[in-house]
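Step one of this worksheet: look at the structure below.
The values are calculated or read from the model by the stated rules, or taken from the named source; none is laboratory data. The structure presented is a predicted model; accordingly, all values stated were derived computationally and were not measured. Here the Cβ is made from the backbone with ideal geometry for all residues, glycine too, and neighbour counts use every protein chain on show. The protein model used for the area step is the full one, side chains on, heavy atoms only, and it has no ligands, DNA or RNA in it. Shrake-Rupley method; radii C 1.70, N 1.55, O 1.52, S 1.80 Å.
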Amino acid sequence: MAGGGALRALPALLLLLVLAAGALGKPTARQERARAGAAQHEDRPGFQYDHEAFLGKEEARSFDQLSPEESRERLGKIVDRIDDDKDGYITTEELKTWIKRVQKRYIYENVAKVWKDYDLNKDDKIAWEEYKQATYGYYLENPEEFQDATDQHSFKKMLPRDERRFKAADLDGDLAATREEFTAFLHPEEFEHMKNIVVLETLEDIDKNEDGFVDQDEYIADMFANEEGGPEPDWVITEREQFSDFRDLNKDGKMDKDEIQHWILPQDYDHALAEARHLVYESDIDKDQKLTKEEVLDNWNMFVGSQATNYGEDLTRNHDEL
């Protein structure tokens, strides 16, 4: 667990499911804190991060039904598609391009999947009022049904926060999001003009004493709860060292917004390139800095593992869709 990065340190907020009823439509899940791309492989158990990067999050979740033989067979077909120049080798650049396509596809498919839940008047835009009604309408109209103090606090906190994020994504200021603007709302970490929102939400979630900074204890508490009161695990001690050595750049004992941005959105970090290099390094048996199909299949567990399944739908897609 040592050396964990921003992704593990940014766990999802509780998904607040609105108990919608009648005319208010089906429940929708409100937004979690934006996840930054600068994640380390220690952040996920086993090869989960590799699977999600290589296959896409949805496909990685469904890769759970096939035998190892079937997994390897499907992986071989994917390798053929990654090899753009058909020279029989997978380079780091080809793998990086594939990972970026997979990530882009996931983001836009995610938006398409939820679009109809929010575009209530079917005008191909999502107004702030539509989103608020779909997500918070039942709570706003029936506050007496939410007696739990934690639930009430969460809703009261998240509604203005969602509105702030929506307005930041709404570039033309008409309070109605196009698909691109709604994509920025759902995935702000992918858009340059939304970076301030990502940083601010991270600060608000970790800054428990609300002093406008993240100190070392708050940084640790966001990823580790020492409920039993015993000694901290080695990886937590390492994280404290990471905070002192690499997070707290000006050595004042806390992170400000600039330091938080440097942590979760480092300018010189390309997560697709880092993951591609990692996969090549771990699978390159002959150390020629590129992969044959055989080398990929020999290390199939890192790419798709025992979770390989209905990736067949991807094999039927036009390559340009990815």
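Against the criterion of being farther than 29 Å from Glu210 by Cβ, in contact with a strand residue (DSSP E or B) (Cβ under 9 Å, 6 or more places away or on another chain) and either aromatic (Phe, Trp, Tyr) or modelled with pLDDT of 90 or more (or both), Ala127 qualifies. Of all residues assigned to segment 193-200, at least one qualifies as being among the charged types (D, E, K, R) and surrounded by 14 or more Cβ atoms within 10 Å (Cβ to Cβ). Could we say that Glu163 is more than 26 Å from Asp258 (Cβ to Cβ) and not small (Gly, Ala, Ser) here? In short, no. Number of residues in segment 141-170 that are more than 23 Å from the chain's Cα centre (by Cα) and not β-branched (Val, Ile, Thr) equals 13.
The helices (runs of 4 or more DSSP H) located wholly in segment 67-162 that include 3 or more residues which are among the basic types (Lys, Arg) occupy 68-82, 92-118. Inspect segment 197-206 for any residue being at pLDDT 95 or above, farther than 29 Å from Lys125 by Cβ and out of contact with any helix residue (DSSP H, G or I) (no Cβ under 7 Å at 6 or more places or on another chain) and give the result as yes or no. Checking segment 197-206: not a single residue is at pLDDT 95 or above, farther than 29 Å from Lys125 by Cβ and out of contact with any helix residue (DSSP H, G or I) (no Cβ under 7 Å at 6 or more places or on another chain).
Scan segment 217-234 for residues that are modelled with pLDDT of 95 or more and buried (at least 17 other Cβ atoms within 10 Å of the Cβ) and jot them down. Those that are modelled with pLDDT of 95 or more and buried (at least 17 other Cβ atoms within 10 Å of the Cβ): Glu218, Tyr219, Ile220. Being within 30 Å of Ser154 (Cα to Cα) and open to solvent by 40 Å² or more (accessible area, probe 1.4 Å) is the requirement here; does Phe246 meet it? It is false that Phe246 is within 30 Å of Ser154 (Cα to Cα) and open to solvent by 40 Å² or more (accessible area, probe 1.4 Å).
One residue stands out among those in segment 66-96 that are open to solvent by 80 Å² or more (accessible area, probe 1.4 Å) and closer than 21 Å to Asn301 by Cβ: the one that is farthest from the chain's Cα centre (by Cα), which is Glu69.
Residues that are open to solvent by 70 Å² or more (accessible area, probe 1.4 Å) number at least 3 in the following helices (runs of 4 or more DSSP H) confined to segment 249-299: 257-264, 271-283.
Return a yes/no flag: does segment 191-208 have any residue that is within 24 Å of Glu109 (Cβ to Cβ) and either in a loop (DSSP other than H, G, I, E, B) or of a type in the set (S, T, N, Q) (or both). Yes - at least one qualifying residue is present in segment 191-208. Looking only at residues in segment 97-135 that are open to solvent by less than 40 Å² (accessible area, probe 1.4 Å) and β-branched (Val, Ile, Thr), the one that is nearest to Asp83 (Cα to Cα) is Ile99.
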